[in-house]
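The values are calculated or read from the model by the stated rules, or taken from the named source; none is laboratory data. Computed from a predicted structure; not experimentally measured. Every residue, glycine as well, gets a Cβ built from its backbone with ideal geometry; the counts of neighbours run over all protein chains shown.
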Amino acid sequence: MPSQLNAYLLCAMMLCALGAPVEDAPTDIPAGDTSGEEMGPSDLLSDSPVWDSILGATSRHQKEFEDEFHNEVKYDFLGSYKISSLPARCPYSNFSKEACLRRMVHGLLIYKVLLKHVEKEYPSSLICSEAKYYSNLLINLTKEKMRNPSQVTALTSIQEVQLLKDLENPNTFQRKMTAHSILRQLHFFLLNGKRVITKKEKTRGSMANESIGNFQLL
């Protein structure tokens, strides 16, 4: 018996030396263990850093307004300015993702024209320059997510002229208030757009994950 036991022990030691797997050792990676895996960049429009860039620019507008008018004119006063050419925002319900993206692009194209009025009243405005630059990036990113991006086109030169003509006013103060109102409304347009798009993308992602989970259970 001792000789047989020694033989078994010797055999086991030889198998270990040769790298043979031990029967009781777990060979599968535990569920949920992502060691060694790297998460790639998000493909969601709502996760694009362009949002932070453009909203970072427009969010500075209130302070600039208050610094210019020294609280003689309250920022909320701009809410009383009605500009008929302002684009509609995306509603939170009863609107498809595609329709929302289309409205987002259409709205940004209009704001690009309206920003020309801001630029005329405030030629050195850094906020206006940044808003124009990042609006172009956001338009291109949004179009990439659309099924039919060609359905949304830029305004014609005639439409642009008419849009800017409607903003003309002989009163300097009124023109400046209009310019500030455009920047204020652009900020809220962007905030609303990001929230709605985020909601639609996250909801769709959750539904997709749930469907995959149900399929795996079958």
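Some notes on this structure:
- Among the helices (runs of 4 or more DSSP H) confined to region 32-138, the ones with at least 1 residues that are closer than 15 Å to residue 193 by Cα and of a type in the set (Lys, Arg) are located at 97-121.
- Members of region 139-167 found to be assigned to a helix (DSSP H, G or I) and over 19 Å from the mean Cα position of the chain (by Cα), listed by number: 150, 151, 157, 158, 159, 160, 161, 162, 163, 164, 165
- All positions within region 76-92 that are of a type in the set (Ser, Thr, Tyr) and within 26 Å of the chain's Cα centre (by Cα): 85, 92
- Region 119-144 residues that are of a type in the set (Asp, Glu), paired with ones that are surrounded by 16 or more Cβ atoms within 10 Å (Cβ to Cβ) and not in a helix (DSSP H, G or I) (beta carbon under 9 Å, 6 or more apart): 119/125
- Evaluation of residue 165 against the conditions (1) farther than 23 Å from residue 91 by Cα; (2) touching a residue at least 60 places away in the same chain (Cβ under 8 Å) shows that the sole unmet condition is (2).
- Residue in region 152-164 that is hydroxyl-bearing (Ser, Thr, Tyr), modelled with pLDDT under 95 and under 17 Å from residue 111 (Cβ atoms) present: yes
- Residues of region 117-144 that are among the aromatic types (Phe, Trp, Tyr) and either in contact with a helix residue (DSSP H, G or I) (Cβ under 7 Å, 6 or more places away or on another chain) or closer than 18 Å to residue 164 by Cα (or both): 122, 134.
- Filtering region 121-151 to residues that are of a type in the set (D, E, K, R), closer than 13 Å to residue 104 by Cβ and buried (at least 16 other Cβ atoms within 10 Å of the Cβ) leaves 143, 145.
- Failed criterion for residue 183 (all others in (1) within 26 Å of residue 98 (Cβ to Cβ); (2) in a helix (DSSP H, G or I) hold): (1)
- Complete set of residues in region 41-58 that are within 20 Å of residue 131 (Cβ to Cβ) and surrounded by 14 or more Cβ atoms within 10 Å (Cβ to Cβ): 45, 46, 48, 50, 51, 53, 54, 55, 57, 58
- Within region 77-90, tally of residues that are more than 13 Å from residue 189 (Cβ to Cβ) and not small (Gly, Ala, Ser): 4
- Failed condition for residue 201, given (1) modelled with pLDDT of 95 or more; (2) in contact with a Leu (Cβ under 8 Å, 6 or more places away or on another chain): (1)
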